[in-house]
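First the structure, in the form of structure tokens, and then the observations on it.
Read the figures in this text as sums done on the coordinates, not as results from a lab. In this text the structure is predicted, and so the values were computed from the model without any measurement. Every residue, glycine as well, gets a Cβ built from its backbone with ideal geometry; the counts of neighbours run over all protein chains shown.
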Amino acid sequence: MWSTHEGGVSELTGATGLSKFSVTPGLPADWDLSAGDGPAAARARWIRFGQSWYPGPYHTFALRDEHGACKVAMGGTVLPSPAAVPRRDAYHILTGRMSHLGLFADGQHPWPSDLDPDTVHPCLMLMYPNYVTFPVGSQSADPASLHQFVAELVAWARTEHIASIALLYLTREAEPLLAELAAAGFTARPMGERCDLPVTWSDFDGYLRGLPKKYRDEAKREINRMDERGLVRSFRPLAPDEPELLDLRCQLIEKYDGSVDRGEQAAIFEMIREHVAAQDITVFTVSKEDSLLSFSLFIQDGPEWTVMLIGSTYRDPDAAYGYFSCMFYQPIEQASARGVALLAYGYGSLDAKRRRGCQLFPYYAAELRF
């Protein structure tokens, strides 16, 4: 039976009477305890950082035991209609309107390309803001707990007159969940692959030795050409005001999207300063004489480093070397000394990442229409 408590939390007592399914606006106070030492994308600060990118209010869906401890939890939002940003929208992704990004490259989209959006909205979309999705909690890999979580999620959606449920960017941590989604009637299909680089070296020479010879030679050529051109590599904290980084960021966005909102990009830098401790931010730069060519901004969560922002000028051909240095060679050189065990590179540019040592892992989408 459903009941609503103070703070807008809805609860459903499970069939055993020992578990409760709750829907909480925002993040519960114990979220990071539930997330544990899993991938950084599911930690509270990443979710809070990215909530403003959601087209609707963020909610947490959780199965808790009789003592209130989290067994299984996930987060997402209810979309009343297709969202403006395609890569954050279930309708665009599942109907194939994101094919230019390489999603569902085999053309096997879960929803027909001419599907009437009114038939699948409101849509409950589960996805963390950093394009990663998997359950957290003490029983996040337990089939029985996942079975109950999925059943009660579907029951809640029916009660709320939701037309469809979509889980996007499901990573390998979600494999036990995929089995229970399939048993509940969801359709799941591979979306593509993402890149991660485990740190297996103690210094840069060790990294190079771990690459296949042709890729090792390619990396050495790029580094030698940077030296020949007098390009200066450096790293530092994020400053209170970074107009040069903002300029490079805007140039990159404009190149690939055709236009850029400078105010929106400036707000991203401010959100990073607000939500991330200064000691967890590293800015890698490549300069030529007095001109900044490229930068990357990495955020560290314990043993994991995530690339958050990149930027580059397109007015100097040497910036191409700066991009690869900031994205790969400089963080790789510093990773071991910083206690980093994994560089999380995410989606896109798969070949460039693979040639520099990244491992590719599949990710999935699952959907259910009522």
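Here's the list of lysines a cross-link from Lys353 could span, going by alpha-carbon distance under 28 Å and ignoring same-chain residues fewer than 8 apart: Lys213, Lys214, Lys220, Lys255, Lys288. Measuring from label point to label point, each 7 Å out along Cα→Cβ, what is the Leu211 to Ser138 span in nm? Using points 7 Å along Cα→Cβ, the separation is 4.6 nm.
Extending 7 Å from the Cα toward the beta-carbon at both Ala239 and Glu270 defines two label points whose distance is 1.9 nm.
Extension gain, Arg172 to Tyr314: 0.36 nm times the residue separation minus the Cα-Cα distance gives 47.5 nm. By the Cβ distance rule of under 4.7 Å, the chain has these cysteines without a partner: Cys70, Cys123, Cys250, Cys326. Here Arg262 and Glu289 are evaluated by their C-beta separation; at R0 = 35 Å the FRET efficiency comes out at 0.85. Relative to the longest principal axis of the Cα atoms of the chain, the long axis of helix 243-257 makes an angle of roughly 70 degrees.
All other residues whose Cβ lies under 15 angstrom from that of Val120 are scored, Lys and Arg at +1 and Asp and Glu at -1, for a net of -3.
Semi-axes of the equivalent ellipsoid for the stretch 150-262, computed as √(5λ) from the eigenvalues of its C-alpha gyration tensor and ordered from largest down, come to 43, 25, 14 Å. Classify the stretch 238-370 as rounded, prolate or oblate from the Cα gyration tensor: take a ≥ b ≥ c as the square roots of its eigenvalues, call it rounded if a/c is under 1.5, otherwise prolate when a/b beats b/c and oblate if not. Rounded shape, in that the Cα axes give a/c under 1.5. Cross-link partners of Lys20 among lysines, defined as those whose alpha carbon lies under 17 angstrom from its own and excluding same-chain residues fewer than eight positions apart: Lys71. Relative to the longest principal axis of the Cα atoms of the chain, the long axis of helix 262-275 lies at roughly 70 degrees.
Full extension of the segment from Trp53 to Asp65, taken as 0.36 nm per residue of separation minus the current Cα-Cα distance, would add 1.2 nm. Once backbone amide H atoms are built at 1.01 Å from N, Arg194 has Phe361, Tyr363 as its partners under 5 Å, excluding neighbours fewer than 5 places away on the same chain. Extending 7 Å from the Cα toward the beta-carbon at both Ala183 and Gln108 defines two label points whose distance is 2.3 nm. Mean residue ellipticity at 222 nm, helices only, the chain: -8500 deg cm²/dmol; runs of at least 4 DSSP H residues each add -39,500 (n - 2.57), and the sum is divided by the number of residues.
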